[in-house]
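I have placed the structure first, in the form of structure tokens, so that the comments after it can refer back to it.
The values are calculated or read from the model by the stated rules, or taken from the named source; none is laboratory data. These numbers come from a predicted model, not from an experiment. Heavy atoms of the whole protein, side chains included, go into the accessibility calculation; ligands, DNA and RNA do not. Shrake-Rupley method; radii C 1.70, N 1.55, O 1.52, S 1.80 Å.
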Amino acid sequence: MINKIKQSTFASYTVITLMYVIATFAGLFIFSLNKNGQDILYLLYADVAATIIIWLFGILFSNSSIYDPYWSVAPPIILTFLYFYYGCASVSAILLLVAIWFWALRLTINWMYTFPNLTHQDWRYVMYREENPKIWQVINLMGIHMIPTLVVFVAMIPGFYLLKLDLAPNYLTYISLIICIGAALLQLFSDIQMHRFRKNNKGKICNTGLWKISRHPNYLGEIMLWWGVYFMLISVAPQYWWTIFGPLANNLLFVFISIPLMEKRQLKNKAQYAEYIKVTGCLLPKLKK
């Protein structure tokens, strides 16, 4: 039965949707236990509980990629919930939701485009499982599921305060919105260029368009998005500058984990990648001499 579900695209998406609905209601139940006004703490409990549920479903279907859309699905659900929970009435709150939903829909659609069914699993997860069979579920829960959940959670903290304060926007808030939308568009164009390139250039290095000036323009867009959310907050409440640890944590995740892991694989599989590194910047374009 499970194998038939995994081989069907429709059944796979249906099952994954049901998993996320269950995880969402579990998170709402956990948050409903908040009786002392500790909103952020109980949001964290709810987020962790939802992540554990997705992890358990991943074990059931032997596929950790069930978690992959969590990165883009959780933020709009959490922030929209807070919007109504706090009874927000400011334009700033609406601008935040516009930015997050635009980013989230684009990223989720891209995931759907690249995820055929539950027989497919991210190459990194396969590698971790083969290299560490005895502690695989520890790596699976903590490394693949929990660390990304916690990083995105702290990246959302500026958004939590922006909704709670519910202050009127200023011109800097709109500039921050432009950064967020620009970040999502950067990811959109870079992903489209990569998909088109791979159709006719299998196994080759994509060094056209945005990929000609940055080795990871999609990651750059992801980093920019959460900095944009942070700037939205401090544009109306500069005293909350200390929430900088949110976007910074996301920044560090990509710079020290995601990018090195991806580049190690590229260097191993593509002989020309070393030369590509020499002439192309990692995130930002290299300055010409």
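Using the alpha-carbon positions of the chain, Rg (one decimal) and Dmax (whole number) come out as 19.7, 61 Å. Across the cross-link table entries LYS134/LYS199; LYS6/LYS164; LYS4/LYS268; LYS212/LYS268; LYS6/LYS35, which are compared at the Cα atoms, the separations over 30 Å belong to LYS134/LYS199; LYS6/LYS164; LYS4/LYS268; LYS6/LYS35. For the options VAL229, VAL98, VAL126, a Gaussian network treatment of the chain with springs between C-alpha atoms closer than 10 Å singles out VAL126 as fluctuating the most. For the chain, the 222 nm mean residue ellipticity estimated from helices alone, with every DSSP H stretch of n ≥ 4 adding -39500 (n - 2.57) and the total spread over all residues, rounds to -22500 deg cm²/dmol.
On a per residue basis, the chain carries 52 Å² of accessible surface, using protein heavy atoms and a 1.4 Å probe. First compute the accessible area of the chain with a 1.4 Å probe, then give the percent of it belonging to carbon and sulfur atoms. The C+S portion of the solvent-accessible surface of the chain is 69 percent. The orientation-averaged projected area of the convex hull spanned by the Cα atoms of the stretch 6-94 comes to 6.6 nm².
Debye-formula intensities of the stretch 1-48, expressed as log10 I(q)/I(0) at q = 0.23, 0.27, 0.29, 0.31 Å⁻¹, are -0.74, -0.88, -0.95, -1.02 (one equal scatterer per alpha-carbon, no solvent).
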